[in-house]
Each structure stands twice: as C-alpha cells, then as structure tokens.
Amino acid sequence: NHAAVLETAAAHPALLNDPAAALVVRLSELVTGRDTKSAIESKLRALLADSQPAERRFPRLPGLTRRPAAETLELRTDRGLAWFLLGEPDQAAAELNAVVADPRASDVAFGRLAATSLALDDLEAAERHYREAAARNPDRVDWHSNLGGVLLRQQRLDEALACYDQALRVSPAFEIARQM
C-alpha cells in the first residue's frame, strides 16, 4: 500500500533518518497503481543503481527537510538482498562481500552472502559464510539448517546430520531440520 507508506512517512519524518526506510518511501513515491511487476522491478533497479546520485535515491517529501543518515551496514545488507531478489546474484555478491569485509557485519549479512553463493553455485563459499553466520548468532536455527543443506549437497552426510541436530537443539520444533 504505497499511499499508506507515504502517509506514514509524512506523519513521521524521522523515519527518513533510516536509509532503508527512505529507500522504501522513495520506491513508494515512484510506483503507481498501474505499474506491472516488471515496471516496479525496473524502478527498484534504478534506485539501487550506484550511478544514481544520493539526492535521487532518497525522498524529498513536501515539508520534510531531514536528510537520511549515512548508509549503514544494515542498509547495504538489504540492498544486497534486493539485488538477489531481482535475480542479480553477481550484484548481490559484490554488495554483500563489501559488507562482510567490515568486522561489524551481522550474521544476516553472512547468511545472505551464503544464499547468494549458493545461487552462484559456489558451495565452498556458501559453507564458509553459513559457518560464520552461525558463529555470529548460534541461536538462529536457519544458519545451522542451511549449512546442513550445503553439506548435504557436498555429500558430507555426517557433518550435515550434525548441523541438523544442532538446529534441533536450538529449536526442537524446527520441521525442516526434523525432516532432514
């Protein structure tokens, strides 16, 4: 509901201090009710393009004077996800590799880079990144389960089973790990 996004942004201008929120608002400004999925994807690609000046990537709603804060690792991680969802794993990998080079990178950044590595059919990189994601957040069941899936694809069955067991220790009701 793009109209609701714009209303919320106008009512809460502090939201624009978060670059990720500002990106969503900017996309809502550009999208019309007549846009097709491909038109929305094109507009999102334009917003993500590095060549686009910052002034065009962030909204300037009437009456709002705040500028968005500097890009955060979280925003860059989300931009990597956006590239991945647009079917551009090379762009996603470039963005996410830059993010994980920072020691403050989150487990989510490593998990997204692992998924991107899988899309690029690089099982070794996917394993490495899922291991790092699990090390940074051992309570996140997805990282253990996904790592198990990578190891399974590599025919490393005992290691995969150990990852699924760890996932079940974290969350005994996690159905995917139970099935595997």
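A few comments on the model shown:
- Filtered by the rule that a residue be open to solvent by 50 Å² or more (accessible area, probe 1.4 Å) and touching a residue at least 24 places away in the same chain (Cβ under 8 Å), region 77-87 gives 78, 81, 84.
- Inter-residue pairs, beta-carbon under 6 Å, first free of Cβ contacts under 8 Å to residues at least 12 places away in the same chain and in region 155-180, second open to solvent by less than 40 Å² (accessible area, probe 1.4 Å) and not charged (D, E, K, R), 6+ apart: 159/151; 168/177
- The number of residues in region 89-118 that are open to solvent by 50 Å² or more (accessible area, probe 1.4 Å), in a helix (DSSP H, G or I) and of a type in the set (A, V, I, L, M, F, W, C) comes to 1.
- Among the residues of region 156-172, those identified as within 25 Å of the chain's Cα centre (by Cα), assigned to a helix (DSSP H, G or I) and over 16 Å from residue 118 (Cβ atoms) are 164, 166, 167, 168, 170.
- Any hit, region 148-157, residues being touching a Gly at 6+ places or on another chain (Cβ under 8 Å) and either among the charged types (D, E, K, R) or modelled with pLDDT under 95 (or both): no
- Within region 123-155, the residues that satisfy the criterion of being outside any helix (DSSP H, G or I) and open to solvent by 70 Å² or more (accessible area, probe 1.4 Å) are 139, 140, 155.
The values are calculated or read from the model by the stated rules, or taken from the named source; none is laboratory data. What you see is a predicted model, and the numbers here were worked out from it, not measured in a lab. So basically every Cβ, Gly included, is an ideal-geometry build from the backbone, and we count neighbours across all protein chains shown. Ligands, DNA and RNA are excluded from the accessible area calculation, which covers all protein heavy atoms including side chains. Shrake-Rupley method; radii C 1.70, N 1.55, O 1.52, S 1.80 Å.
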